[in-house]
1. State whether one or more residues within the range 27-40 are assigned to a loop (DSSP other than H, G, I, E, B) and of a type in the set (D, E, K, R).
2. Only residues that are surrounded by 19 or more Cβ atoms within 10 Å (Cβ to Cβ), touching a Pro at 6+ places or on another chain (Cβ under 9 Å) and farther than 11 Å from A110 by Cα: list them for the range 128-140, please.
3. Scan the range 60-68 and tell me whether some residue there is under 13 Å from the mean Cα position of the chain (by Cα), on the phi < 0 side of the Ramachandran plot and among the polar types (S, T, N, Q).
4. What number of residues within the range 92-125 satisfy the criterion of being within 13 Å of the chain's Cα centre (by Cα), among the basic types (K, R) and within 12 Å of the ligand (Cβ to nearest atom)?
5. With respect to the numbered conditions (1) in a helix (DSSP H, G or I); (2) of a type in the set (D, E, K, R); (3) more than 16 Å from the ligand (Cβ to nearest atom), which one is the sole condition not fulfilled by E128?
6. Looking only at the range 51-83, which residues are in a strand (DSSP E or B) and under 18 Å from A136 (Cα atoms)?
7. Is it the case that some residue within the range 67-89 is out of contact with any Leu (no Cβ under 6 Å at 6 or more places or on another chain), among the basic types (K, R) and away from the ligand (no atom under 15 Å from the Cβ)?
Amino acid sequence: MKKINISIDIDYFSTKSELSSEFQNLLEKADEATKTSYSPYSNFQVGAAIELENGEIISGSNQENAAYPSGLCAERVAIFAAASRFPGVKIKNIAILARKKGSINHTPVAPCGSCRQVLVEYESNQKEPIRLVLRAEKEGYIIPQSISDLLPISFTKDNLM
Ligand code: THU
């Protein structure tokens, strides 16, 4: 038996001004998107903004439903919109943040497991890493190197062959 260690590198910035203007802008778009959240059940408003290689920015917010599992996270709303409007166009960056009852959420909101699964497939298809920026205000800004870093040993379409 041997142990395999998996470690990841994360870029961490303690203030917004240290971030590139690209990331600052994307976080603003994600914040704007929280206003379109339909979240009467959780009161947790999530916004995601995706920057494509062609310069387009597509944002999305979480959409809930009285039949709870029928709702969808902000990240998947955004990425499915991006992929259906601009199929095959590479995704450069994604910003994600949340508000709880309108006020800023101070802990980083990382994508849930289902969103990671969806994001990692687009990343694998495009053969280029997608950068993800998470806002935590008081706690800083967190940027992993890729989505696959957040979902090691993932289930992929290769498993189906
Ligand atoms: N949510 C997201 O939109 N993204 C995440 O990564 C985590 C959770 C939403 C789903 C639901 O509408 C609310 O947040 C509470 O779970």
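1. Looking only at the range 27-40, we keep the residues that are assigned to a loop (DSSP other than H, G, I, E, B), and these are 35-37, 39-40.
Then drop every residue that is not of a type in the set (D, E, K, R), which leaves 35.
Yes.
2. The answer is R131, and nothing else.
3. Kept after step one, since they are under 13 Å from the mean Cα position of the chain (by Cα), are these residues of the range 60-68: 60-62.
Pick out the ones that are also on the phi < 0 side of the Ramachandran plot and you get 60-62.
Restricting the remaining residues to those that are among the polar types (S, T, N, Q) gives 61-62.
Yes: the range 60-68 contains one or more residues that are under 13 Å from the mean Cα position of the chain (by Cα), on the phi < 0 side of the Ramachandran plot and among the polar types (S, T, N, Q).
4. Narrowing the range 92-125 to residues within 13 Å of the chain's Cα centre (by Cα): 92-98, 108-120, 122-123.
Filter once more, keeping what is among the basic types (K, R): 92, 116.
Those still in the list that are within 12 Å of the ligand (Cβ to nearest atom) too: 116.
Summing the residues that are within 13 Å of the chain's Cα centre (by Cα), among the basic types (K, R) and within 12 Å of the ligand (Cβ to nearest atom) in the range 92-125 gives 1.
5. (1)
6. Initially, the range 51-83 is screened for residues in a strand (DSSP E or B), giving 51-52, 57-61, 63, 72.
Of everything in the range 51-83, just one residue is in a strand (DSSP E or B) and under 18 Å from A136 (Cα atoms), namely S61.
7. Yes; the residues of the range 67-89 include at least one that is out of contact with any Leu (no Cβ under 6 Å at 6 or more places or on another chain), among the basic types (K, R) and away from the ligand (no atom under 15 Å from the Cβ).
Okay, residues lined up against (1) surrounded by 13 or more Cβ atoms within 10 Å (Cβ to Cβ); (2) closer than 18 Å to S20 by Cβ:
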{"residue": "Y41", "(1), (2)": "no, no"}
{"residue": "L72", "(1), (2)": "yes, no"}
{"residue": "I91", "(1), (2)": "yes, yes"}
{"residue": "P111", "(1), (2)": "yes, no"}
{"residue": "Q126", "(1), (2)": "yes, no"}
{"residue": "I142", "(1), (2)": "yes, yes"}
{"residue": "Q145", "(1), (2)": "yes, yes"}
{"residue": "D149", "(1), (2)": "yes, no"}
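Every number here is computed from the coordinates shown, using simple stated rules; none is lab data. Given the structure is predicted, the values throughout are model-derived calculations rather than measurements. With ideal geometry, Cβ positions are generated from the backbone for all residues, glycine too; neighbour counts draw on all protein chains shown.
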